Every structure is written in C-alpha cells, then in structure tokens.
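Report on one structure; see the data block that follows.
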Ligand SMILES: Nc1ncnc2c1ncn2[C@@H]1O[C@H](COP(=O)(O)OP(=O)(O)OP(=O)(O)O)[C@@H](O)[C@H]1O
C-alpha cells in the first residue's frame, strides 16, 4: 500500500504540490492532468527520486525519507524517455546492470535476461546496440530493465508519449499483462480506460479521484 500523507513539494521557492493525501491500493492507477500540473513530480515522490518538502510518503509502512534503498528496490521507476534510462551500449549489458547491483548471480542474470527478452520478442536483439533499437523496443528495454529487479510497484512517467500507435498498443498490452501494481502518469486517455482509478491533478492539487468512466469526462470538461 502507498500512503501519501499531507505531502507538499517545492522546487526552491516554487511550490508545485500542495498538501496531497492519498492512499493507493488499486492495481492500476492513472495520474492525469494538464502540462505542469505536477504529475511527474508526484510520480518521482513515490520511489524517493524526490523527497517531499513536507509530509510523508510511505510504501508498505516504510517512509521514502528513511528507507531510500529498500524503496527503490520495491518501487521501479520508468522514465518518459527511454534514452534517459538505458545506460549501456548493448541490450544484454543494460539489462544486467541493475541485477549486478542487486548482487544477483551470473546464472540468475543470464536466465532472467533470456526470460524477459523472450517475453517481449527481443531475444534476437540480445547483442544489439541499444541506441539502434526502435522507440517501442527502447521503451520495452527500459521497462524490462526495471522488471528484472522484481519490483512490487511500477511507476511509469508518460510511458507512451514518444511512441507511434503500434508501439503504444504494444506497451499498453505489456503493462496490462503485468502482475505488479502500476501507477502511471499519462496524457493518453485510451491507455487508462480500463484502469481501476484515475486521479486528476490541477495546479499541484488533486481535483478529481474516481473511476475512468467518471474521471475522464470530468477531466475533459475541466480542460474545455
Ligand atoms: N527540477 C525542477 N526545478 C524547478 N521547477 C520544476 C522542476 N521540475 C518541474 N518543475 C516545475 O514544476 C511544475 C510541475 O512540473 P511536473 O513536471 O511535475 O508537471 P507535469 O504535470 O508532469 O507536466 P507535463 O505534463 O508537462 O509532463 C511545473 O511548473 C514545472 O515547471
């Protein structure tokens, strides 16, 4: 369970999130809102990439402030642009990096690499230069690099924004098939139509928190 208790966030003197309290228990949660409404900042609070200026973010009882290492293991984070996440030149090396850091054995790393590449039809790309992958393949590699570390929660910041329709659908299907709890920010309302919960941010505040059937039309009215 993720508990956000009276969380505010400022960058210097600029306040961008204001006194947010939420308990996140559903398996599929979407965060939507206008540009600059604070979605990415909120997402980054969930795995301790950012710490609140005031208030507390608690993951299964542990605060992000005091348990950074555990939290980053539990809460995987996928950035909007996979180029910011893929750090090694070859696909296999990039997947191995996080697992090596966690102390996984060579055999485990090899098996998990084969498994995840097979799952996403990319086994033939094992020795391929990562920068030559297509946009969709890069995003799948970025997601794979997080999944092999076995997070319980997966936070994704606009995972389909840079993708064409075919790749959007591919990523959407890949996410739907996962057992993890997913929290994602997006402008892609089709992606979240079957989600359990949609939270709408406006100027750093939660203004709608409902099912997609209710929240999406309410958001569209807000933006009209
Ligand atoms: N590192 C930073 N330093 C200062 N201000 C920042 C920083 N990151 C974001 N901001 C500001 O915080 C506010 C919220 O930004 P954030 O990226 O969280 O919004 P967002 O809803 O994700 O926007 P978008 O839909 O455009 O990605 C914006 O006004 C932005 O300019």
If the convex hull of the alpha-carbon atoms of segment 73-224 is projected onto planes in all directions, what is the mean projected area in square nanometres?
9.5 nm²
List the equivalent ellipsoid semi-axes of segment 9-147 in whole Å, largest first, each obtained as the square root of 5λ for an eigenvalue λ of the Cα gyration tensor.
32, 18, 13
Principal-axis tilt of helix 91-101 within the chain, Cα atoms, nearest 10 degrees
70 degrees
Normalise the Cα radius of gyration of segment 84-154 by 2.2 N^0.38 Å (N = residues in it) and let me know the number.
0.99
Between residue 60 and residue 93, what is the label-to-label distance in nm when each label sits 7 Å out along the Cα-to-Cβ direction?
3.3 nm
Got the relative contact order for segment 51-143 handy, in percent, Cα pairs under 8 Å and 6 or more residues apart?
31 percent
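Over segment 2-223, what is the relative contact order in whole percent, taking alpha-carbon pairs under 8 Å and six or more residues apart?
27 percent
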Cα-only radius of gyration and Dmax that characterise segment 150-224, units Å
12.9, 41
Measuring from the longest principal axis of the C-alpha atoms of the chain, the long axis of helix 212-223 (C-alpha) lies at a number of degrees, nearest 10, equal to 70 degrees
Expressed in angstrom and rounded, the centroid-to-centroid distance over alpha carbons for segment 161-224 and segment 36-61 is 18 Å
Which of 97, 42, 79 fluctuates most in a GNM of the chain (C-alpha springs under 10 Å)? That residue is 97
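Bear in mind these aren't lab numbers, they're just calculated from the coordinates by the rules spelled out. Since the model is a prediction, treat every value here as computed from it, not as a measurement. Heads up, the Cβs are rebuilt from the backbone with ideal geometry, glycines too, and the neighbour counts pull from every protein chain shown.
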